[in-house]
Structure formats: C-alpha cells, structure tokens
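Structure first, then comments.
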Amino acid sequence: MTEISLEVAEVNVQDYYGNNNKNLEFIKNQFPALKIIARGRHLVAAGDEPTLEAFQQKHEEILAFMSHYNRLNEQDLENIFNEQEFKPQPHNQEILVHGINGAMIRALTPNQRHLVDAVYKHDMVFAVGPAGTGKTYTSVALAVKALKEKQVKRIILTRPAVEAGESLGFLPGDLKEKLDPYLQPLYDALRDMIHYEKLAAYVERGVIEVAPLAFMRGRTLDHAFVILDEAQNTTHAQMKMFLTRMGKNAKFIITGDPSQVDLPRKQKSGLREAMHILRDVKDIGFIRLDGKDVVRHRLVKKILDAYHIEENKEIEFDQEPAKD
C-alpha cells in the first residue's frame, strides 16, 4: 500500500471541504478503495498507486476549478467527476472574474464595457467619472483577471494620501494606520474577488501591493497591473512621477473624479492636467463615465443630478455680467 499527501493550496480550505465536510465526503465516496484523512491543508491518502494517481488528478482539477470560479459545491463536484478531464470554460467576454462564492463580476453599463475594451486595447487608460460609476471596481476586476490569467506577475493599487477636510496628524496610530483608511476602498474591491486567505498570502508575498502614491517614487513597475485611484488629488509632480514608473509588460489605469478635487486652492489637479497634455498621444485610452453608469443605490444618481443642476446654476450666476 502506498501513501501520498496532497496540499489544498491557493484556495479556501473550508470551501474545499464544504459545510459539515460534505464536499470531502463526496470525494471520499468517489474513491472507496482509498483511505483518505484530512489534516488541515493536507489530504493524506493510502491505497494502490493507480487509484492514488486518479485521486491526485481529480484533486488538481478541483483546485483548478476553485481557482477559476471561487466556489465548490456538490453539483460542481458531480460535473468534475463526470468528465474525464476538467478544463475551465473560456471566459465570457462580459464576465471579468468570478468573485467570492462564484459571484460573476462583469461590466454592467455601456461605459464600463468601453473601459474594459479600452484596457484590452491600450496599455494606459484614463477613466474619469463621478462617484459610484464603477470605474475603480471594474479596474480592480480587470487587474485580478490579468493576474489569474498570468498576463502579469503582480497587482499594484495606489492612491494619493490627500486630506479631505481632516488632518492626518490628528488620526491615531502609526503611519500605516493613518494611511489605511485612504486605501480601504481598494481592499474592499479585492475582498469581493479574492478569498481573504489567498488575498493575505498575495499581500504577504508582494503579489498584490496596496500602497500610498508616495511609495511609487524611484520604482520601475514591470510585469504589473497598476491602478492609480483618486487621481484628481495628485499634483503635477506626482502624476508625472507615476506615469513615468511604467515598465515592461505593464498595464496602467488612472481613475478619478475631476469634480471632487481635495487639493489646496490654487493647486492644479494632476489628473486634469495630464488628460489635457496627453490628449493627442496615441495608444492612451480615455474613458468618461457619467450618471448613467452609477451602480450604487438608486439615490446616488439622483444626488449627483441634483448637485450637477445646482453647480451649473452657481456657474451661471458667477458669469452673469454686472448691471449698471
């Protein structure tokens, strides 16, 4: 009798075993001639060599399925065991990644689909629009897709740490604790798409990096999918520094909302300036999202519309000529 040990690697071990070990029991029932024992992240199996080889092959197919679809249930297992060899189905062009519990994450609006197409076509894309239009979320999904498909070796997500009416100096904690709230939206998007255990492993190994923009200085970002979020709060120097970090086999997405600049008065937004300077540069994509792309609560669109109307009134009032 031969014994082998297989690792439940790069996936959530609880999802592999299933609720009350239902998935594990299903797998055991497919190999009644083997003695299979679960020990944390390892499966120890004993039996004859041909059956152990078949078990190892199915184990690898299950891991491949989970890595691709982020889920595993009894129906999935039945489908895997009914096929001689599991081959992940090709991505539907509209499905970017399968998130937690198999949620299908896709571009939901025409402009989000334009963003996806632009990223496929260009290595650098500017995506601007108001809050809630999915520009950051779609960009993160594209980054995760590229990493899963081994188009890049790492993901780098960055934001300028600009105070929006609050002072960093009065926030508690060390530098990391002060900066983490600025980066939280990026972590939130990642947690929707990658299980926390795998995400933690990626962050620990540097496969995924979430860092303030200042940490990008002096680096060359090769083989990376890089997203600069909240770019409207970059200065001229910061934006120029970031754009020139682009290395070999890199994808850059710059997202922001030009209407929500938190920089000190009289300081130009690096995002607005860059879009003007680079407007005629070929191979750079520019996508504009608007209120029709809002995918948050339905009230968000109404709020944006109301502010837009009021702001236009203020512009008209300011431009009204003085009366004699």
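The values are calculated or read from the model by the stated rules, or taken from the named source; none is laboratory data. Just so it is clear, the structure is predicted and the values come from calculations on it, not from any experiment. Because the Cβ atoms are built from the backbone with ideal geometry, glycine has one as well, and the counts that use them run over all protein chains shown. Surface accessibility is based on the protein's heavy atoms, side chains included, excluding ligands, DNA and RNA. Shrake-Rupley method; radii C 1.70, N 1.55, O 1.52, S 1.80 Å.
The one condition from (1) part of a helix (DSSP H, G or I); (2) open to solvent by less than 50 Å² (accessible area, probe 1.4 Å) that Glu310 does not meet is (2). For the range 285-305, the set of residues classified as more than 30 Å from Lys121 (Cα to Cα) and open to solvent by 50 Å² or more (accessible area, probe 1.4 Å) consists of His297, Arg298, Leu299, Lys302, Ile303, Asp305, listed by residue number.
Restricting attention to the range 263-277, the residues being of a type outside the set (Lys, Arg) and without any contact (Cβ under 8 Å) to a residue 40 or more places away in the chain number 7. What number of residues within the range 121-157 satisfy the criterion of being open to solvent by 30 Å² or more (accessible area, probe 1.4 Å) and assigned to a strand (DSSP E or B)? Summing the residues that are open to solvent by 30 Å² or more (accessible area, probe 1.4 Å) and assigned to a strand (DSSP E or B) in the range 121-157 gives 1. Screening Leu278 with (1) under 19 Å from Leu142 (Cα atoms); (2) open to solvent by less than 50 Å² (accessible area, probe 1.4 Å) gives one miss only, at (1). Just one of the listed residues (Gln232, Gln260) is among the polar types (S, T, N, Q) and open to solvent by 80 Å² or more (accessible area, probe 1.4 Å), namely Gln260. Scan the range 224-244 for residues that are over 20 Å from the mean Cα position of the chain (by Cα) and either in a loop (DSSP other than H, G, I, E, B) or on the phi > 0 side of the Ramachandran plot (or both) and the total you get is 3. In the set Asp262, Asp283, which member is closer than 29 Å to Pro110 by Cβ and either basic (Lys, Arg) or out of contact with any Phe, Trp or Tyr (no Cβ under 6 Å at 6 or more places or on another chain) (or both)? Exactly one residue qualifies, and that residue is Asp283. Of the strands (runs of 3 or more DSSP E) lying entirely inside the range 1-120, those containing at least 1 residues that are open to solvent by 30 Å² or more (accessible area, probe 1.4 Å), closer than 30 Å to Ser139 by Cα and of a type in the set (A, V, I, L, M) are 104-106.
Picking from Gly285, Gly291, which residue would you name as being in contact with a Leu (Cβ under 9 Å, 6 or more places away or on another chain) and modelled with pLDDT of 90 or more? Spell out how you get there, then give the answer.
Values: Gly291 fails: modelled with pLDDT of 90 or more.
None of the other options fit; the residue is Gly285.
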